[in-house]
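The values are calculated or read from the model by the stated rules, or taken from the named source; none is laboratory data. Everything quoted here is computed from the prediction, not taken from an experiment. In this analysis, Cβ positions are derived from the backbone assuming ideal geometry, glycine residues included, and neighbour counts consider all displayed protein chains. Just so you know, the surface numbers come from the protein's heavy atoms only, side chains and all, with ligands and any DNA or RNA stripped out. Shrake-Rupley method; radii C 1.70, N 1.55, O 1.52, S 1.80 Å.
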Amino acid sequence: MLIRNATVVTAGDVVPADVLVRDGTVAEIGRALPSEGRQVIDGTGKLLMPGGIDVHTHLDMPLGDTASTDDFETGHIAAACGGTTTHIDFATQEKGRTLAQALENWHLRAQGKACIDYGFHIAVTDWNDAVAASLPELIQEGVTSLKLYMAYKGRLMVDDAAILRALQIAAKVGLLVMIHAENGDIIDLLTAQLLAAGHTAPRYHAQSRPAIAEAEATYRAIALAEIAGAPLYIVHLTSAQALDAVRRARHRGLPVYAETCPQYLAFTADDLARPGFEGAKFVCSPPLRTAADQKALWRGLALGDLQVVATDHCPWNFHGHKDRGKSDFSHILNGLPGIEERMKIVYTYGVETGRLDLQQFVALTATTPAKLFGLYPRKGSIAPGSDADLVLWDPEARGEISVRTHHSRVDHTPYEGIRYQGRPDRVWVRGRLVVEGGEWVGTKGQGKFLKRDAFHHVDWQGVKL
Ligand code: URP
Ligand code: ZN
Ligand code: ZN
């Protein structure tokens, strides 16, 4: 297949070129490549970019008697229609079970369903000596990152000693530790006090988890990583204060990285106060912040203090999930969808407004995630030998995000009514067409599990990520 006359965008370049795809990989990039005997795709007026990589998703994630609404089929179709061709999901350890059992469960979840390529992080929720001893085994499984929670006490949270020990092991074997940085003790106390005072509406969710509780945990996580001599990745960073902690660490030369998510770029805590119970659609943790925080996040993305935009895609229905918290905000299931909207939101609010250039867009949504999580250069670039995960992006397309047209299996979208400019026209996964005219045309079951490289394969000391 020859894609002709598109503007090829990578993290480094924006160049008019033809791209030849053979056997699922990029074979050649050049000018006026011969077209005889080849399927020719006309890319005139379009941008050809590497497929998006979303390194933070929760598909089919169990929670009590239910699970997040998108599984590895519906979530993958939604991802592809949004221009994302690879994601990394969190295989979450159950209390009393091993990490190997968590991985096995997640492999089963994806089996026969996967439509795009995927990898797993492991989320460690029950720390003990046996779990510690099993961490190095993850590398052979191609799972080279793990998440630890500093919040959700009694369910997911682990203590500082566990985090420090995990960081020490990670530094030795090449795992990247990802931290949910919020102070769980502060949150639990404030939540109880708010509820006791009769403050039960969704908007109190933000007050129960103040920005300072995120900043404190971010500083603490960085301190623990520094003691261990380990790299660190902060997930879903939301606030100027937490960003300041990351910036200072990076200025001191520490290998500290952070992501933010589209919801923190598109919404503020004011959305939690929408009339009626609408605010529940915006309940995620950490919570939405202020316009000033949002400005700081955009600045952080533009200046390189934040390296990744991932989604934390964790969809819950409004009816049956979110409305469990009608009389108590702490019972609203936490999380927002976004796997389908990420690229459109970052392009519309980032590139179209001039906050980011095209190379930054690709770096934040594909290339740097691939580098940090052991997938580069197979994924995250358009280069000879890389997988032909490609997005032919129509920068002129305009439309409106709506539950009526989205592909995610969830009964609402917080992005309802938002006007976008720019969307994927065609998408290929390893050279196979999966999206045409913005609609899914691929085959269920074609997605592959990706064994990822250990973190020390990324030369973070030499490469400015
Ligand atoms: O509200 C959120 N973020 N739910 C998903 C779980 C997590 O903390 O990442
Ligand atoms: Zn989290
Ligand atoms: Zn998450």
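Miscellaneous remarks
- Residues that are open to solvent by less than 10 Å² (accessible area, probe 1.4 Å) and within 16 Å of ligand 3 (Cβ to nearest atom), drawn from the range 150-181: 150, 151, 176, 177, 178, 179, 180, 181
- Test set (1) among the hydrophobic types (A, V, I, L, M, F, W, C); (2) within 25 Å of residue 244 (Cα to Cα); (3) away from ligand 1 (no atom under 16 Å from the Cβ) - residue 310 fails condition number: (3)
- Within the range 81-92, residues that are within 11 Å of residue 147 (Cα to Cα) sit with their Cβ atoms under 7 Å from residues that are within 14 Å of ligand 2 (Cβ to nearest atom) and of a type in the set (Lys, Arg), at 6+ positions apart or across chains, in these pairs: 90/147.
- For the condition open to solvent by less than 20 Å² (accessible area, probe 1.4 Å) and in contact with a strand residue (DSSP E or B) (Cβ under 7 Å, 6 or more places away or on another chain), residue 288 does not qualify.
- Among the residues here, residue 301 does not qualify as part of a helix (DSSP H, G or I), away from ligand 2 (no atom under 16 Å from the Cβ) and in contact with a Phe, Trp or Tyr (Cβ under 9 Å, 6 or more places away or on another chain).
- Any hit, the range 74-90, residues being over 27 Å from residue 343 (Cβ atoms) and open to solvent by 10 Å² or more (accessible area, probe 1.4 Å): no
- Pairs, first within 15 Å of residue 346 (Cα to Cα) in the range 305-321, second modelled with pLDDT under 95 and open to solvent by 10 Å² or more (accessible area, probe 1.4 Å), C-beta under 8 Å, six or more apart: 307/465
- Candidates in the range 244-285 are the residues that are within 15 Å of ligand 2 (Cβ to nearest atom) and free of Cβ contacts under 8 Å to residues at least 60 places away in the same chain; of these, the one that is surrounded by the fewest Cβ atoms within 10 Å (Cβ to Cβ) is 264.
Yes/no per residue for (1) within 24 Å of residue 366 (Cα to Cα); (2) within 15 Å of ligand 1 (Cβ to nearest atom):
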{"position": "99", "(1), (2)": "no, no"}
{"position": "114", "(1), (2)": "yes, no"}
{"position": "117", "(1), (2)": "yes, no"}
{"position": "128", "(1), (2)": "no, no"}
{"position": "151", "(1), (2)": "no, yes"}
{"position": "158", "(1), (2)": "no, yes"}
{"position": "163", "(1), (2)": "no, no"}
{"position": "169", "(1), (2)": "no, no"}
{"position": "200", "(1), (2)": "no, no"}
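- Odd one out for residue 453 among (1) in contact (Cβ under 8 Å) with a residue 40 or more places away in the chain; (2) touching a Lys or Arg at 6+ places or on another chain (Cβ under 8 Å): (2)
- Count of residues meeting criterion [open to solvent by less than 40 Å² (accessible area, probe 1.4 Å) and farther than 13 Å from residue 82 by Cα] in the range 349-365: 8
- Screening the range 253-274 for residues that are part of a helix (DSSP H, G or I) and out of contact with any Pro (no Cβ under 9 Å at 6 or more places or on another chain) and picking the one that is nearest to residue 179 (Cα to Cα) gives 262.
- Restricted to strands (runs of 3 or more DSSP E) entirely inside the range 1-80, those with at least 2 residues that are free of Cβ contacts under 8 Å to residues at least 60 places away in the same chain are 2-9, 14-22, 40-42.
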